[in-house]
Amino acid sequence: MSKPYKFIITIQLHPGTRDEVLARAPAVQAATRGEPGCLAYDFFTCTDDPDRLVFVEAWVDKAAHAAHMRFEHTRQFIEFHEQFHRSLTFETINVEA
């Protein structure tokens, strides 16, 4: 049995671009939550830095996430928001027991 695949993505945006990214995020969030294997797909703005977004995702396994990356809504959203990045940090948060 495979383990859930969980991670956090922190994106530091160029100042003043957050609202452009957030305007598109709810539609992508709704589509993603409906995908097979999606356990959680949430995004947050940091209260101490309005130009920092945090995405928290959980998938039944890595294969489900790989399938997510092939959806058109995913590819279009990533392509759109990458232009606003100052930096991106990807951290897996799987708990090994």
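Just so it is clear, none of the values below were taken in a lab; they were calculated from the coordinates. Owing to the predicted nature of the structure, the values given are computational and were not obtained by experimental measurement. With ideal geometry, Cβ positions are generated from the backbone for all residues, glycine too; neighbour counts draw on all protein chains shown.
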Translational diffusion coefficient (Stokes-Einstein; Kirkwood radius from C-alpha pairs) of the chain at 4 °C, 1.567 mPa s, in µm²/s:
93 µm²/s
Arranged from highest to lowest average of other beta-carbon atoms within 10 Å per residue, in what order do the peptides 19-28, 2-11 appear?
2-11, 19-28
So what J values fall out for the stretch 19-30 if you push phi through Karplus, 6.51 cos²θ - 1.76 cosθ + 1.60 with θ = phi - 60°, rounded to Hz, Gly and Pro as x?
4, 5, 5, 5, 4, 9, 5, x, 5, 5, 4, 4
Using the Karplus curve 6.51 cos²θ - 1.76 cosθ + 1.60 with θ = phi - 60°, work out ³J(HN,Hα) for each residue of the stretch 34-45 in order, rounded to whole Hz, and write x for Gly and Pro.
x, 6, x, x, 7, 9, 7, 8, 10, 9, 9, 9
Neighbourhood charge, 14 Å Cβ-Cβ cut-off, centred on ALA66 and excluding it, Lys, Arg +1 and Asp, Glu -1:
0
State the extension gain, in nm to one decimal, for the chain segment bounded by VAL60 and ASP42, taking 0.36 nm per residue of separation less the distance between their alpha-carbons.
4.9 nm
Which residues' amide hydrogens lie under 5 Å from the amide hydrogen of LEU39, considering only partners 5 or more residues apart or on another chain, with H built in the peptide plane?
ALA58, TRP59, VAL60
Could you work out how much longer the chain between GLU20 and PHE80 gets when fully extended? Use 0.36 nm per residue separation minus the Cα distance between them, nm to one decimal.
20.6 nm
